[in-house]
Amino acid sequence: LPLEQLPKVTASHRVKMAIVAVPAQAAQEVANLLVKHGISGILNFSATVLHVPEDVMVNSVNLAIELENLSYFVRD
């Protein structure tokens, strides 16, 4: 979703959750925009810790760890 469409889409569809999958240097800015437009749950795939208000839930996914876990179970 282009960020300029965020206000319209979140308002018209009552969006409450979002996925952040951007480079680390852009993640906080994107999270700030999401919170500003009413997002209260974020699934964070970026390689950074997001700082959000207390009433916003962030679940961060570390892809390196997830791949390591998966490789353990699929090894020969």
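Details
- Among residues of region 1-12 that are within 13 Å of Ile39 (Cα to Cα), those with a beta-carbon under 9 Å from a residue that is of a type in the set (Lys, Arg) and loosely packed, with under 13 Cβ neighbours inside 10 Å at least six positions away or on a different chain give the pairs Leu6/Lys36; Pro7/Lys36; Thr10/Lys16.
- Scanning region 35-48 turns up at least one residue that is touching a helix residue (DSSP H, G or I) at 6+ places or on another chain (Cβ under 7 Å) and among the aromatic types (Phe, Trp, Tyr).
- Looking across region 4-33, the residues that are charged (D, E, K, R) and either in contact with a Phe, Trp or Tyr (Cβ under 9 Å, 6 or more places away or on another chain) or exposed (fewer than 10 other Cβ atoms within 10 Å of the Cβ) (or both) come down to Glu4, Arg14.
- Leu1 vs. criteria surrounded by 13 or more Cβ atoms within 10 Å (Cβ to Cβ) and of a type in the set (A, V, I, L, M): no
- Residue pairs meeting the criteria (Cβ under 6 Å; at least 6 apart or on separate chains; first within 16 Å of Arg14 (Cβ to Cβ), in region 28-53; second in a loop (DSSP other than H, G, I, E, B) and modelled with pLDDT under 95): none
The values are calculated or read from the model by the stated rules, or taken from the named source; none is laboratory data. Keep in mind the model is a prediction, meaning the values are calculated, not measured. Positions of Cβ are generated from backbone atoms using ideal geometry, with glycine treated the same way; all protein chains shown enter the neighbour counts.
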